[in-house]
Amino acid sequence: MTAAIYLARLHRKVVVLDSRQSRASLIPRSHNHPAFPNGIEGPELLERMRKQLDNYGVEIRHTAVSALRQDGDGLLVDLKDGQLETKNVILATGIEDNLPPVDHPHDLVRSGHIRLCPICDGFEIAGRPVVVIGATERAAAEAKFIRSFTQVITISTLGQPLDMSDKTIGRLTECGIAIRQEPLRDCVPVENGAVDLLLDGSEPMHKVVLYSALGVRPRSALAKQLGVELEEDGRIKVNGHQGTSVPGFYAVGDVVTGLNQLGVSMAQGEVAAVAAHNRIRELDDD
């Protein structure tokens, strides 16, 4: 949406294709996004940006893209209800989180009972006990990162086998980070964004802050289909102008390797918009 705002102000015809799967819509409240001293909820931020797009007459279509194809200097965008011809595509499809096996996990993310980003909300932990869900080196790294905010940390594998090196396990022990491998019986939301975590055959953990460190899945299938070069983690490889290996195809936000933050995504959208605008100018000159 940031890219669309910039392109509209550059007098470019732009269409936003939105399949209503924005990860930002799950944010209960962002406290680190600049210019909102009391924080802002993800859905409210999206609605404000939609109104801004509406001010410039930008069309938003609630539809999904089924395919992308190169067509001379431009691209063809196949939709469920038609096709678009365009000089440039800016992809901002983001990532999908691997969530714990609990009932209605997306609702628990929206309510703040499952957390995904200690950079975003670690400040609000305020020394409370934390449980990091995961069994891999990623979970260990997340737990060590969270030590900036609290010293009471447990890694819970929910019954999955531990997949960490002996060196990592030793380091966790030195840091005072416990590891529990019992299967999950239930996860009960309680007040203040905490949960009661009930594990088989052991004492429950009451009023803990729950972080998921189960990884993500980049939504880069359309880029792969187009033949765009991807990074090892499946995200899209871009240059300094958010351009990819396919001319006219740009990628921004969490689908690009980097820091998964609203401000970063917006900045990348601005860069991609100006690059797309300049590419059209160059094509017109030719």
#### Entry: Identity of the residue in the stretch 242-283, farther than 17 Å from Ala223 by Cα and touching a Leu at 6+ places or on another chain (Cβ under 6 Å), that ends up surrounded by the most Cβ atoms within 10 Å (Cβ to Cβ)
Ala273
### Summary
Given the conditions (1) touching a strand residue (DSSP E or B) at 6+ places or on another chain (Cβ under 9 Å); (2) hydrophobic (A, V, I, L, M, F, W, C); (3) over 15 Å from Val109 (Cα atoms), every one holds for Ala213 apart from (3)
#### Entry: Candidates Ala276, Ala267 - the one that is part of a helix (DSSP H, G or I) and closer than 16 Å to Gly74 by Cα
Ala276
#### Entry: the stretch 208-232, residues that are assigned to a strand (DSSP E or B) and in contact with a Gly (Cβ under 8 Å, 6 or more places away or on another chain)
Val209, Ser212, Arg217, Pro218
### Query
Taking Ile155 and the conditions (1) on the phi > 0 side of the Ramachandran plot; (2) touching a Gly at 6+ places or on another chain (Cβ under 7 Å), which numbered condition does it fall short on, given that it satisfies the others?
(1)
### Task
Specify which of the listed residues (Arg171, Arg185) is touching a strand residue (DSSP E or B) at 6+ places or on another chain (Cβ under 8 Å) and either open to solvent by 80 Å² or more (accessible area, probe 1.4 Å) or of a type in the set (S, T, N, Q) (or both).
Arg185
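In the stretch 76-99, which residues are farther than 21 Å from Gly234 by Cβ and under 26 Å from the mean Cα position of the chain (by Cα)? Let's see the steps before the verdict.
From the stretch 76-99, those farther than 21 Å from Gly234 by Cβ are 76-88; that's our starting set.
Answer for the stretch 76-99, where residues must be farther than 21 Å from Gly234 by Cβ and under 26 Å from the mean Cα position of the chain (by Cα): Val77, Asp78, Leu79, Lys80, Asn88.
Could you please let me know if Asn38 is closer than 25 Å to Ser111 by Cβ, surrounded by fewer than 16 Cβ atoms within 10 Å (Cβ to Cβ), touching a Cys at 6+ places or on another chain (Cβ under 9 Å) and not aromatic (Phe, Trp, Tyr)?
When the stated conditions are applied, Asn38 does not pass them.
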### Task
Please list, ordered by first then second residue, the pairs with beta carbon atoms under 8 Å, 6 or more apart or interchain, first in the stretch 141-158 and among the charged types (D, E, K, R), second surrounded by fewer than 17 Cβ atoms within 10 Å (Cβ to Cβ).
Lys144/Arg171; Lys144/Cys175; Arg147/Cys175
### Message
Taking the criterion of being under 21 Å from Pro204 (Cβ atoms) and open to solvent by 40 Å² or more (accessible area, probe 1.4 Å), would at least one residue in the stretch 69-88 satisfy it?
### Response
no
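Taking Lys237 as the residue in question, decide whether it is over 30 Å from Ser156 (Cα atoms) and open to solvent by 70 Å² or more (accessible area, probe 1.4 Å).
Judged against the criteria, Lys237 is a match.
Which of the residues that make up the stretch 17-35 are among the hydrophobic types (A, V, I, L, M, F, W, C) and either open to solvent by 30 Å² or more (accessible area, probe 1.4 Å) or under 15 Å from Arg48 (Cα atoms) (or both)? Walk me through how you get there before you give the answer.
From the stretch 17-35, those among the hydrophobic types (A, V, I, L, M, F, W, C) are 17, 24, 26-27, 35; that's our starting set.
Leu17, Ala24, Ile27, Ala35 - these are the residues of the stretch 17-35 that are among the hydrophobic types (A, V, I, L, M, F, W, C) and either open to solvent by 30 Å² or more (accessible area, probe 1.4 Å) or under 15 Å from Arg48 (Cα atoms) (or both).
Only residues that are of a type in the set (A, V, I, L, M, F, W, C) and either open to solvent by less than 60 Å² (accessible area, probe 1.4 Å) or over 22 Å from the mean Cα position of the chain (by Cα) (or both): list them for the stretch 1-16, please.
Ala3, Ala4, Ile5, Leu7, Ala8, Leu10, Val14, Val15, Val16
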### Query
Across the stretch 107-138, what is the number of residues that are β-branched (Val, Ile, Thr) and touching an Asp or Glu at 6+ places or on another chain (Cβ under 6 Å)?
2
### Query
Residues in the stretch 125-148 that are in contact with a helix residue (DSSP H, G or I) (Cβ under 8 Å, 6 or more places away or on another chain) and more than 15 Å from Ser165 (Cβ to Cβ): how many?
8
## Note on the structure
Counted residues in the stretch 41-68 being open to solvent by less than 60 Å² (accessible area, probe 1.4 Å) and either touching a Leu at 6+ places or on another chain (Cβ under 9 Å) or modelled with pLDDT under 95 (or both) come to 9
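The values are calculated or read from the model by the stated rules, or taken from the named source; none is laboratory data. Just so we're clear, the structure is a prediction, and the values are computed from it rather than from any experiment. Counting neighbours? That spans all protein chains shown, and the Cβs are built from the backbone with ideal geometry, glycine included. The protein model used for the area step is the full one, side chains on, heavy atoms only, and it has no ligands, DNA or RNA in it. Shrake-Rupley method; radii C 1.70, N 1.55, O 1.52, S 1.80 Å.
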